[in-house]
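J.: Dropping the structure in here first, questions after.
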Amino acid sequence: MLQTLAIVVAGFGLTLVAAALAGRWWLRRLVTRPVPAAALAGGGPGDCVGCPQTALMAAKGGGSAGKGAAAGKGATAGEAGGADGGTGEGSGGRRGPSRRAFLRGALGVSALGAVGGFGTATLAYLWPDVRGGFGAVLEVDDEEAILEEIDANDGRFEYPPGRALFVRYDPDDDPEGQYAEITDGGQARVLALYQVCVHLGCAVPWCSTSQWWECPCHGSQYNRWGEWMSGPAARGLDRFRVEVADDGTLVLDTSEIITGPSRAAQTLEQPPDGPHCT
Ligand code: FES
């Protein structure tokens, strides 16, 4: 959580700095843009071809753009055209931004900031928390303690930090070693399922009466080991690899989601214990 917050704050900071630099560059570019020679030569609004203030002055009936320059004070749209909304502080052929150009640029900088902030927040949300949350390799607890939790919780133990669902695993029920690779060669006595339904992504709760996992969204049902039993899901629940460390700690690897078994996989023979929940 703290890492996500840090990424968001850093991202917003970088975005603001980038927006400020872009705005500064844009303002300097506008302020230092030279006035066309025709305007400096003293012609009227119609004499300056390509001069951006010509049309504005002509529309407002202002005076000549060259008036200010001729006076040696620097031609500006405001000075030359009277009280027409120009900046009036030009010097030596320089002029300030028009109101329209300023608003356009400000809008661009604001849009840049908004897009940058949104992108940063999205990135922070998707970025795996490699220090101890989902997406990391997690040392959960002593395996014996987890088995006790499973027994004390009606046959399963839900582990939110890893988005995992732990159930007991017995290699004797898996004679072909279907899940040996993800249970430390069958050493671990725990199977770790990913809590997300493979149909459309709902969280799958435990049904204590049937002792299956049953999705409330569209009715997919999985046995204790997360193997598909019925419903629209295309396969069994996805899962994670676990290992047992030398000191007995169960290590959960959430950096890789292992695709669930096909519908044909019916390794665990487990009819429902009672009524279904969905
Ligand atoms: S999301 Fe679970 S059955 Fe559709």
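The values are calculated or read from the model by the stated rules, or taken from the named source; none is laboratory data. None of these values were measured; they are calculated from a predicted model. Each accessible area value is taken on the protein alone, full model and side chains, heavy atoms only, with ligands, DNA and RNA left out. Shrake-Rupley method; radii C 1.70, N 1.55, O 1.52, S 1.80 Å.
J.: I'd like the accessible area for residue 278, computed on protein heavy atoms only with a 1.4 Å probe and all protein chains in place. Round to 10 Å², please.
T.: Near enough 80 Å² of accessible area.
J.: Here's another thing I want to ask about it. Determine how large the accessible area of residue 134 is when every protein chain is in place; take a 1.4 Å probe and give Å² rounded to the nearest 10.
T.: Counting only protein heavy atoms, residue 134 exposes about 50 Å² to solvent.
J.: With N denoting the number of residues in segment 148-278, provide Rg(C-alpha) divided by 2.2 N^0.38 Å, to two decimal places.
T.: 0.97
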